[in-house]
1. Being assigned to a helix (DSSP H, G or I), of a type in the set (Ser, Thr, Tyr) and open to solvent by 100 Å² or more (accessible area, probe 1.4 Å) is the filter here, so list the residues in the stretch 23-70 that pass it.
2. Report the residue count in the stretch 1-22 for those that are in a helix (DSSP H, G or I), more than 15 Å from residue 51 (Cα to Cα) and either open to solvent by 90 Å² or more (accessible area, probe 1.4 Å) or polar (S, T, N, Q) (or both).
3. From 69, 46, 61, grab the single residue that is of a type outside the set (Ser, Thr, Tyr) and touching a His at 6+ places or on another chain (Cβ under 9 Å).
Amino acid sequence: MANKTMKMLLHLCATSAIRSKGELQDYYLRKTTEGKNKMLVLNAIRNKLVLRIFACVKENRKYKENYKRLLA
């Protein structure tokens, strides 16, 4: 039922995100040292990436690491 190509690309994005320094790598290291399963944490990172992508598309803006939403 799943789009295997999209799933593979998200997996590659998530593994790339945990290799480079940043917020997602810190999250991965923190959760794995807490004893969480590595694939469980990788799935959570995939979800975080999807949510960030959809937020940028919905608001028609580029991704900013420290984005603060302006109140209307």
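The values are calculated or read from the model by the stated rules, or taken from the named source; none is laboratory data. The structure displayed is predicted, hence computed values, not measured ones. As a convention, Cβ positions derive from the backbone with ideal geometry for all residues, glycine included, and neighbour counts pool all protein chains shown. Surface areas here come from the heavy atoms of the whole protein model, side chains and all, with no ligands, DNA or RNA. Shrake-Rupley method; radii C 1.70, N 1.55, O 1.52, S 1.80 Å.
1. If the condition is that a residue be assigned to a helix (DSSP H, G or I), of a type in the set (Ser, Thr, Tyr) and open to solvent by 100 Å² or more (accessible area, probe 1.4 Å), then 33 is the only one that fits.
2. 7
3. Testing whether each residue is of a type outside the set (Ser, Thr, Tyr) and touching a His at 6+ places or on another chain (Cβ under 9 Å) leaves just 46.
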